[in-house]
Amino acid sequence: MKASVDILPQKSGVVSRVFCRLIASLLLVIALHASTCAGDDTKDILTPAERLWLMQNKSRIVLAIETGYAPFVFLDSQDQPAGLAHEFLQLLESKIGFHFNQRRFSSLDDILAKVRSGEVQIVNAVTKSPARSGFISFTAPFITVPSVIVVRSERTGRLGTKDLSGLKLSLVKSYAVTEFLENKNLGFVTDLAADDLAALYNVSFKRSDATVIDLATASYLITKKNITNLRVAGEANFDYQLSMGVPNTEPVLYGILQKGLRAITEAERQEIRTRWVNPTGQSMFSDRRLWLATAGFCLLIAGIVTWNRMLRLEVRKKTRAITESAEKYKILATRQNALLSAVPDIIMEVDNNKMYTWSNSAGREFFGEDVIGKEASFYIEQGQNTLDAVQPLFQGSEKVLYIESWQRRKDGEIRLLAWWCKVLEDEHGSVKGTLSTARDITEHKRAEIALQDKNTELERFTYSVSHDLKSPLITIQSFAGQIKHDVESGRYSRVSGDLARIISATSKMADLLRDLLALSRAGKSMDTPARVDMQQVVSDVLTRVAGLLREHQVDVLVQPGLPAVYGDEQRITTVLQNLVENAVKYRSLQLAPHITIGSRQEGATIVFFVSDNGLGIEARFHDNIFGLFNKLDSASEGTGVGLALVKRIIEVHGGRVWVESKGSGTGSTFCFTLPTPSENYPKNMIKESV
């Protein structure tokens with residue numbers, strides 16, 4: 001016992017002396033470090049040549065700021081760059097006494113593309129990879145963060161990289177971890193996402209099974225966006241070692257950045273980390289007061305155990321209530337998701353940056369599976385004021401708006417969408433985005449325009465018919481009255497002539513009504529479309545009009561080997577007969593009339609033609625002659641319906657008709673196209689006029 005008493009004081013004195021010496025040494029180191037830091041603040045760490053190079057290249061050097069790489073680099077509530085890596089950059093700029101020109105980018109993929117093209121010289125935070133090393137030089141890493149595997153909470157157990165086989169893995173395009181995992185051939189299916197948030201949403205909404213991103217970003221975004229159904233399941237054996245990157249062609253700039261990073265002290269590095277990850281650097285076991293507090297703590301244990309037993313029953317009760325509520329919420333959420341997936345209309349949610357944050361299945365089917373995380377403007381066709389039209393929603397001056405906007409579908413086709421947009425507000429009443437429903441009304445709009453065109457055409461048709469029927473009716477009325485007056489007066493000599501004029505007027509009306517009936521029937525299907533021998537059709541037409549051709553001594557040349565077509569033979573015969581009769585009607589009185597019937601190849605299209613050496617048509621009338629009742633010579637025979645009938649029949653067959661003529665006295669060539677049997681047109685391809 002005496003020995004124990006003697007030894008304890010000696011041991012205590014030794015410990016005291018050692019402790020005092022350690023304190024003295026620590027104070028000396030701190031003083032020397034402070035002196036060194038003070039000297040560094042006043043000394044330029046760059047050589048004069050490096051300083052001169054910076055000044056000469058000041059306008060050329062561009063620093064890329066990635067705006068959505070939280071918590072490393074992002075835009076804060078004041079729209080200013082912030083983040084862990086950005087603070088390192090700011091400290092580096094203060095060390096070298098130089099501020100770089102900044103340019104903002106929404107993704108690392110865009111930044112790397114600009115590095116390749118020479119538009120960007122500094123990448124703030126980037127991980128080294130074999131592919132990137134081909135065009136980028138990397139500084140020493142200044143941030144190291146492990147990458148983790150994130151899954152939905154319902155998937156239990158830990159996961160490693162070997163467990164990824166067979167899973168659909170959402171990975172961010174162009175990230176180093178994506179290249180690392182794909183090169184390991186682990187057997188997973190890659191689902192590329194635009195950024196980390198889109199990857200997390202893909203897993204949360206069950207579009208992917210898991211994602212791999214760095215731990216800091218995962219923790220920040222899950223907390224910031226309140227994503228409650230995700231968890232970290234394990235590490236991916238890949239550490240994000242963030243460096244600054246410069247093109248391989250910029251060795252001077254690379255050396256300057258290296259010097260700036262080396263000038264950042266460990267204390268300064270720790271201060272930045274503390275601000276973002278809040279670590280504690282002091283061990284509680286170094287404080288003797290801990291041991292004194294331990295005794296008091298032990299005295300409290302008994303009270304705490306007792307209190308714990310009292311609370312246990314209450315906790316179990318609350319737990320049961322929470323579990324029941326969670327189950328009810330889960331059932332409600334399942335029903336809601338099923339309902340939103342079953343709705344045929346597009347439903348989209350955007351945040352205040354007008355970026356899509358959620359979509360139902362109809363929205364993903366229209367815009368594509370990668371729509372989440374993209375800006376709404378990406379899909380809006382240029383030349384519209386869509387974003388200006390919805391601005392009152394984001395300003396809070398409107399709650400609901402209806403707009404129509406042409407937008408690009410995932411296959412590239414431009415479609416017209418009718419949007420109902422409603423404001424989304426937080427618990428304080430501040431606007432946080434919009435929830436919108438949309439329906440594709442492209443075909444409805446086209447039908448509406450077509451109906452308007454048909455109504456316009458009907459108005460013109462009604463006017464033309466009433467005008468042309470009026471003339472013979474006036475003639476009949478006039479001469480009928482004259483006959484009545486002559487009969488009452490006993491003058492019968494003129495009755496015969498007046499009756500002849502009435503008969504002529506009624507014949508004209510009969511011809512007009514006959515042609516109008518033929519025109520109306522041209523828009524309806526008669527015979528089943530079939531293969532038509534054009535050589536035989538031409539022969540039949542020439543037989544029908546043989547008397548007319550002999551009467552006017554018209555010479556007709558038919559090109560042999562005319563190709564067959566597909567359509568209604570009776571109507572195609574009507575087309576050719578009208579064109580031949582039209583050529584005879586407008587023949588030249590100075591030249592021996594001549595007509596050529598044939599075909600020519602224009603690319604993949606066969607063009608049939610009826611050509612004459614007649615009066616010709618000036619260019620300004622080339623379109624008008626196909627209008628109803630339009631005749632170049634009002635005194636000529638006919639009703640003016642023939643060419644309108646030709647146009648209607650050809651268009652119903654899906655072809656087109658036009659005239660070629662160099663002007664008066666040069667003759668005319670009427671051309672038309674029809675489907676050929678090689679095009680394998682089905683029966684329903686013959687269009688019906690409304």
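The values are calculated or read from the model by the stated rules, or taken from the named source; none is laboratory data. Just so you know, these numbers come straight off a predicted model, no measurement behind them. Here Cβ is always computed from backbone atoms with ideal geometry, including for glycine, and neighbour counts include all displayed protein chains.
With the structure loaded, tell me whether Thr228 is buried (at least 22 other Cβ atoms within 10 Å of the Cβ), hydroxyl-bearing (Ser, Thr, Tyr) and out of contact with any Pro (no Cβ under 6 Å at 6 or more places or on another chain) or whether it fails that test. Considered against the rule, which asks whether it is buried (at least 22 other Cβ atoms within 10 Å of the Cβ), hydroxyl-bearing (Ser, Thr, Tyr) and out of contact with any Pro (no Cβ under 6 Å at 6 or more places or on another chain), Thr228 comes out as no. Scanning the stretch 200-225 for residues that are of a type in the set (D, E, K, R) and either farther than 29 Å from Tyr356 by Cα or surrounded by fewer than 24 Cβ atoms within 10 Å (Cβ to Cβ) (or both) yields Lys206, Arg207, Asp209, Lys224, Lys225.
Annotation note: Cβ proximity below 8 Å between a residue of the stretch 349-367 that is on the phi > 0 side of the Ramachandran plot and part of a helix (DSSP H, G or I) and a residue that is buried (at least 21 other Cβ atoms within 10 Å of the Cβ) and modelled with pLDDT of 90 or more (sequence gap 6+ or interchain) occurs for no pair.
Of all residues in the stretch 602-617 being part of a strand (DSSP E or B) and either free of Cβ contacts under 8 Å to residues at least 60 places away in the same chain or out of contact with any helix residue (DSSP H, G or I) (no Cβ under 8 Å at 6 or more places or on another chain) (or both), which is surrounded by the fewest Cβ atoms within 10 Å (Cβ to Cβ)? Here the residue is Glu602.
Of the residues making up the stretch 560-570, just one is assigned to a helix (DSSP H, G or I) and at pLDDT 85 or above, namely Glu569. Looking only at residues in the stretch 430-468 that are small (Gly, Ala, Ser) and modelled with pLDDT of 90 or more, the one that is farthest from Glu413 (Cα to Cα) is Ser430. In the condition set (1) closer than 26 Å to Leu192 by Cα; (2) assigned to a helix (DSSP H, G or I); (3) at pLDDT 70 or above, Val315 is compliant with all but (1). Residues that are over 12 Å from Lys585 (Cβ atoms) and among the hydroxyl-bearing types (Ser, Thr, Tyr) were ranked within the stretch 603-638; the one that is modelled with the highest pLDDT is Ser611.
Only one of the numbered conditions (1) modelled with pLDDT under 90; (2) assigned by TED's automatic domain parsing to the domain that holds Gly245 is violated by Ser59, and that is (1).
Name every residue in the stretch 368-404 that is among the small types (Gly, Ala, Ser) and either within 12 Å of the chain's Cα centre (by Cα) or in a helix (DSSP H, G or I) (or both), in order of residue number.
Gly368, Ala376, Ser377, Ala389
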